Amino acid sequence: MKNLTLFLLLIFTIFSSTNSQSQNLASYPQLNKRIVEAKLREIRISLKLDQSTFDHFRPIYEKYESEVSEIDFKKLNKLLKVDAESLSSEEADRLISHQIEIAKRMLEVREKYYKEFKSVLSPQQIIKLYQTEAELRIKVMQELKKRIQR
């Protein structure tokens, strides 16, 4: 599991360096595929899915992941980093409106795929899926912080 986590971190590090060159993940289908595969391995372990359940879950998750990856989360962080005092009322309003639109889009995707996930997973497993995804994001961010500070 530690090797898998390190592999995930390596992939996300590669992604983050390519992302800094104003490239998106869609431009790198092989890298995207490797990231999804690593996430699926980690999710399978975390949810303790048997082969049959995993075979049914996999195509649903791949579609879900594809839709989630189309959402521009980079702009979400802008709200946390911006100096609010430096913005005009119009700029602040636009920024907040954009944040709300991104959140709505994510909610739409989650609502859509909740129904599909529920056909394969229990509600408890779906919660664990979301928790696992959040844990992976945190691990990746921590590793990126460590690498930046070196």
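For the stretch 121-150, which positions are in contact with a helix residue (DSSP H, G or I) (Cβ under 6 Å, 6 or more places away or on another chain), farther than 12 Å from Glu42 by Cα and modelled with pLDDT of 90 or more? Those that are in contact with a helix residue (DSSP H, G or I) (Cβ under 6 Å, 6 or more places away or on another chain), farther than 12 Å from Glu42 by Cα and modelled with pLDDT of 90 or more: Gln125, Ile126.
Condition check ((1) free of Cβ contacts under 8 Å to residues at least 12 places away in the same chain; (2) assigned to a helix (DSSP H, G or I); (3) under 26 Å from Val36 (Cα atoms)) across all residues:
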site: Leu80; (1), (2), (3): yes, yes, no
site: Lys104; (1), (2), (3): yes, yes, yes
site: Tyr113; (1), (2), (3): no, yes, yes
site: Arg137; (1), (2), (3): yes, yes, yes
site: Gln142; (1), (2), (3): yes, yes, yes
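Here is the figure for the stretch 71-108: residues that are modelled with pLDDT of 85 or more, under 30 Å from Arg41 (Cα atoms) and of a type in the set (D, E, K, R) total 3. Within the stretch 111-125, identify whether any single residue is basic (Lys, Arg), more than 22 Å from Phe57 (Cα to Cα) and exposed (fewer than 11 other Cβ atoms within 10 Å of the Cβ), and answer yes or no. No; the residues of the stretch 111-125 include none that is basic (Lys, Arg), more than 22 Å from Phe57 (Cα to Cα) and exposed (fewer than 11 other Cβ atoms within 10 Å of the Cβ).
Regarding the stretch 21-36, can at least one residue be identified that is of a type in the set (Ser, Thr, Tyr), loosely packed, with under 14 Cβ neighbours inside 10 Å, at pLDDT below 95 and not in a helix (DSSP H, G or I)?
Yes, the stretch 21-36 contains at least one residue that is of a type in the set (Ser, Thr, Tyr), loosely packed, with under 14 Cβ neighbours inside 10 Å, at pLDDT below 95 and not in a helix (DSSP H, G or I).
Given the structure, is Ser52 out of contact with any Ser or Thr (no Cβ under 7 Å at 6 or more places or on another chain), modelled with pLDDT of 70 or more and either charged (D, E, K, R) or assigned to a helix (DSSP H, G or I) (or both)? Here the answer is yes, as Ser52 does meet what is asked. Going through (1) of a type outside the set (S, T, N, Q); (2) without any contact (Cβ under 8 Å) to a residue 24 or more places away in the chain; (3) outside any helix (DSSP H, G or I) one by one, Leu121 falls short only on (2).
The number of residues in the stretch 37-68 being within 18 Å of Arg105 (Cβ to Cβ), touching a residue at least 40 places away in the same chain (Cβ under 8 Å) and exposed (fewer than 15 other Cβ atoms within 10 Å of the Cβ) comes to 1.
The values are calculated or read from the model by the stated rules, or taken from the named source; none is laboratory data. Everything quoted here is computed from the prediction, not taken from an experiment. Here Cβ is always computed from backbone atoms with ideal geometry, including for glycine, and neighbour counts include all displayed protein chains.
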